[in-house]
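The structure under discussion appears below in the form of structure tokens.
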Amino acid sequence: MKTIDYISLFIISSIFILSACTTSTKENNSNGISIDIPSNASVDEVTYLATKVRPSTQQIDYQQREMLGFIHFGINTFTGKEWGTGKEDPKIFNPTKLDADSWVKTFKDAGITGVILVAKHHDGFCLWPSKYTEHSIANSPWKNGQGDIVKDVAEACRKYDMKLCLYLSPWDMHEKTYGTNEYNEYYIHQMEELLTNYGPVYLFWFDGAGTVDKEGIQNVPLDWDRFFSRAKELQPNILLSGIKDIRWIGNEAGKGHETEWCVQGINGTHGEFRNQSSPLLGTIEYMMKKEKLVWYPSRGGLPIRKGWFYNPQDDHTTKSLQYLINSYFSTVGQNANLLLNLSPDTLGRIPQKDAQRLLEFGNAIKEMKKNDYAKEAKVTPISGWSGSTKSNLIVDNDPFTSWHTEDNVCKAEAIISLKKASTINVIKVQENIRDYGQRVKSFAIDAWLDNQWKEIKKSTTIGFRKIIHLDRPITTDKFRIRFLDARISISWGNFSLYFLPEFENQDFICNSNYLSQSMWKISSNGINGDKFGSLKDNNPQTYWNGKLTNCHENAFIFETQAQEVKGLVYRPADSKDCGHIEYYTIYISNDGVKWGDPVAKGRFGNIQNNPVEQTVIFKSKNARFIKFVINGITSTDGRIKISDLMLYK
Ligand code: FUL
């Protein structure tokens, strides 16, 4: 008996010591591992704990998918707005040729494995006949109010074996309880409808827009914890995108970050909507100030046109193949996911050019992946590694079979010898995040060229995936990888090599008809700032900086000799980190003194997150003066940065 006791005591304590001291044990927990940060934890302790965080099974599945499709379609499609008002009449919604099957199939054909449908955007209009509101397709002429787009998309997803994902905007401009506690009931009821009537939902999208103020502080009593737990009760495997399982990458231009940590620090039970583009995110320094370490990978959305919703004015803005490919490497290639959006038109059909572009892009990526030139390579350890260093653990395109180093060994090298010299321009490196979390802080890749090692790329984090697209192809039969620094130790899961042909770079050519600069002058009222040269020059690379002086009217005044002006073009600075014009009113006048009623008034919806060119159409015949009054901006300090202002003829 005694002997057995001693033996079991030895085994138990060995297991304890092993799991406390080594990071190379496999963790298997489908919910992932999150860790509370003890108060006063040191830098070393937080670093160590960060290596213990693991993704859930669903998060791994999501990261493996690389991309998801997005569909923005709703009342905004019929008004040409990015953000509605909640006051639209459901009667304007009548997409007579709607074909949800072809929406889903387009993504499928492009190699994308799931679709996020915006079931309700910020205007509150529901694409399914919700029992809880009148503001839905049930009150539209489409199919005499008998239609259900969520159902149609869910059926198409089943047919094409695609993951169904649903976006239910927490911000609801129509619902009168929005802004009160009562709204939580309303939101939960709608969520219940979506999560019980349409089969399995892979991901649920909680958007942050409208729920936070300019400082990023939540300004409405939304009960996030209740939303999250109810969603998981109804569908235990669901991924919650927003501030829970997946976070925003910080822009809507399909741009990722070279340093991208999946391990993040949060306070309380969830992350936050702001600061998602801070370079500090995921650093130990940043996490030291937080309460908990969680696995929290990012996603970068990208509308294939200028905005998320269809607008005939944007028909010329379909992104070039090169733009989409660059976004792929910038997001998917930098440890994030890419969410590509298609915008069906007022008939309910995806514009042909957009569908075509998506397919071209999808095919380019599919073709690229067909041939992994590292597949049968021999991988030789040079320094740092311990345990098994079989080649096939690295070149099997499976990141969950891996090499690793002992704790406190944060440098390691290996040589990858190909069977024969190959021409490549894409290199994929992966860590084994499932079993070791994310650790690598920097690494370099050398190629054997002209009888010597030449460094072809040095970079920072890897995480689930780093895909490097070289500026030009190289031909060689030998590569060397040098892991330069890591948190505690290194895991290396995969190395692949591909070739991607070059594509013609024809980024969208703006066919807008601008009035030549010599035909107009500009002045301002209540706005201080730079000289107007860079504001007038129709050059997106130059910026004008200014500040509103808070007087009773802040406005730009155009004086023109043109007989007719059809509109105004406002090109905001291409940055999320500066102020943009959000609310405006436009007046015209013959003498610059009497202005009369506005000829246009509105909001540049979503300008903070997607600062793209805005056009306001109005009628102005023989008016010499046009006044563009700024009624509200996105910054709190009155500063604005503008790329260009132009008149449209
Ligand atoms: C944002 C929204 O405000 C946009 O309209 C769009 O839906 C985008 C995907 O998310 O927060």
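The values are calculated or read from the model by the stated rules, or taken from the named source; none is laboratory data. The model shown is predicted, which means the values in this text are computed figures rather than measured ones. Positions of Cβ are backbone-derived with ideal geometry, glycine not excepted, and every protein chain shown enters the neighbour counts. Areas reflect the complete protein model, heavy atoms only, side chains present, ligands, DNA and RNA absent. Shrake-Rupley method; radii C 1.70, N 1.55, O 1.52, S 1.80 Å.
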Taking 260-272, 439-451 and ranking on average Cβ neighbours within 10 Å, highest first, one gets 260-272, 439-451
In Å², rounded to a whole number, the accessible area per residue of the chain with probe 1.4 Å is 43 Å²
On the accessible surface of the chain, probed at 1.4 Å with all protein chains in place, carbon and sulfur together account for a percent value of 49 percent
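For a protection proxy built on the mean count of beta-carbon atoms within 10 angstrom, sort 576-583, 208-215 highest first, please.
Details: 576-583: 18.8, 208-215: 15.4.
Final packing ranking: 576-583, 208-215.
With the cut-off at 1.5 for a/c, could you classify the stretch 220-266 from its C-alpha gyration tensor as rounded, prolate or oblate? Don't skip to the end; give the middle numbers.
Values: a/c = 2.29, a/b = 1.91, b/c = 1.20.
It is prolate, given that a/c is not under 1.5 and a/b is the larger ratio.
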The set of residues whose placed amide H lies less than 5 Å from the amide H of TRP83, leaving out same-chain residues fewer than 5 positions away, is GLY605
The stretch 378-498: relative contact order from alpha carbon pairs under 8 Å, six or more residues apart, as a whole percent, is 38 percent
If amide H atoms are modeled at 1.01 Å from N in the peptide plane, then the residues at a separation of 5 or more from LYS306, or on another chain, having amide H under 5 Å from its own are THR317
Rounded to whole angstrom, the alpha-carbon centroid of the stretch 261-304 lies from that of the stretch 194-215 at a distance of 18 Å
Here the stretch 276-289 yields Karplus 3J(HN,Hα) values (6.51, -1.76, 1.60; θ = phi - 60°; whole Hz; Gly and Pro given as x) of 6, 10, 5, x, 7, 3, x, 6, 4, 3, 6, 6, 4, 8
Semi-axes a, b, c in Å (a largest) for the stretch 124-180, each sqrt of 5 times a Cα gyration tensor eigenvalue, come to 24, 16, 6
Per residue, the convex hull enclosing the Cα atoms of the stretch 300-393 spans a volume in Å³ of 129 Å³
Sorted by chain and then number, the residues having a modelled amide H within less than 5 Å of the amide H of CYS578, at least 5 places away or on another chain, are none
In Å³ per residue, the alpha-carbon convex hull of the chain encloses 189 Å³
